[in-house]
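The values are calculated or read from the model by the stated rules, or taken from the named source; none is laboratory data. Just so it is clear, the structure is predicted and the values come from calculations on it, not from any experiment. All Cβ positions, glycine included, derive from the backbone under ideal geometry; neighbour counts span all protein chains shown.
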Amino acid sequence: MLTVEEFVNARKDPSHLESKMARAYLSALEELELARYRGNILGIEEAQCRLTEIKSDIEHYMNDVVNYSWTELRDKLDRCRLDIENAKRKARNTLKRARRDNPELSPDNVEKLDEVRAAIANRDRIVAELKPVRVELSRRFKEVHSILRKYK
């Protein structure tokens, strides 16, 4: 994982949302240096407090994104949601097609067809596999978003 200084240096591109947090860190660092230069004790305490808060936010942010940017985290979350929706849609479409192709069968018997059972099993497998991942990514994304919102 990156150190706070590495994070700040890597996020200087203004097109990244993380750059606002990096700029706030650099600004707080400059305020601290200025307060030390002037010998302003109250200013030093305020600047250190602000610097500690931003440093803590950066560390929490880096723990939540784990080697990604917030956009990559959002993309992973969207991909996970899409995969779950696609699996559900494929199972639903397979069931509709089986009902259309086998009008003589009762709805219970249509669901017992091999192709329908395979589609439903595949849907259940994908949902069981991705739902915990989606919940965790969603939690991390919300935390990251709340941190970034402070620096807009």
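Observations on the structure shown:
Results for (1) in contact with an Asp or Glu (Cβ under 7 Å, 6 or more places away or on another chain); (2) modelled with pLDDT under 75; (3) loosely packed, with under 13 Cβ neighbours inside 10 Å, shown as yes or no for each residue.
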{"residue": "Arg11", "(1), (2), (3)": "yes, yes, no"}
{"residue": "Pro14", "(1), (2), (3)": "no, yes, yes"}
{"residue": "Ala24", "(1), (2), (3)": "no, no, no"}
{"residue": "Asn40", "(1), (2), (3)": "no, no, no"}
{"residue": "Glu46", "(1), (2), (3)": "no, no, no"}
{"residue": "Glu59", "(1), (2), (3)": "no, no, no"}
{"residue": "Asn63", "(1), (2), (3)": "no, no, yes"}
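- Of all residue pairs spaced 6 or more apart or on separate chains, those with beta-carbon atoms under 8 Å, a first member in the range 38-57 that is closer than 24 Å to Thr3 by Cβ and a second member that is of a type in the set (Val, Ile, Thr) and modelled with pLDDT under 90 are Lys55/Val4; Asp57/Ile147.
- A residue that is modelled with pLDDT of 95 or more, among the basic types (Lys, Arg), surrounded by 16 or more Cβ atoms within 10 Å (Cβ to Cβ) and more than 30 Å from Ile54 (Cα to Cα) occurs somewhere in the range 118-139.
- Some residue of the range 81-104 being of a type in the set (Ser, Thr, Tyr), out of contact with any strand residue (DSSP E or B) (no Cβ under 6 Å at 6 or more places or on another chain) and touching a residue at least 24 places away in the same chain (Cβ under 8 Å): yes
- Tyr37 being aromatic (Phe, Trp, Tyr), closer than 22 Å to Ser146 by Cα, in a helix (DSSP H, G or I) and not assigned by TED's automatic domain parsing to the domain that holds Arg140: no
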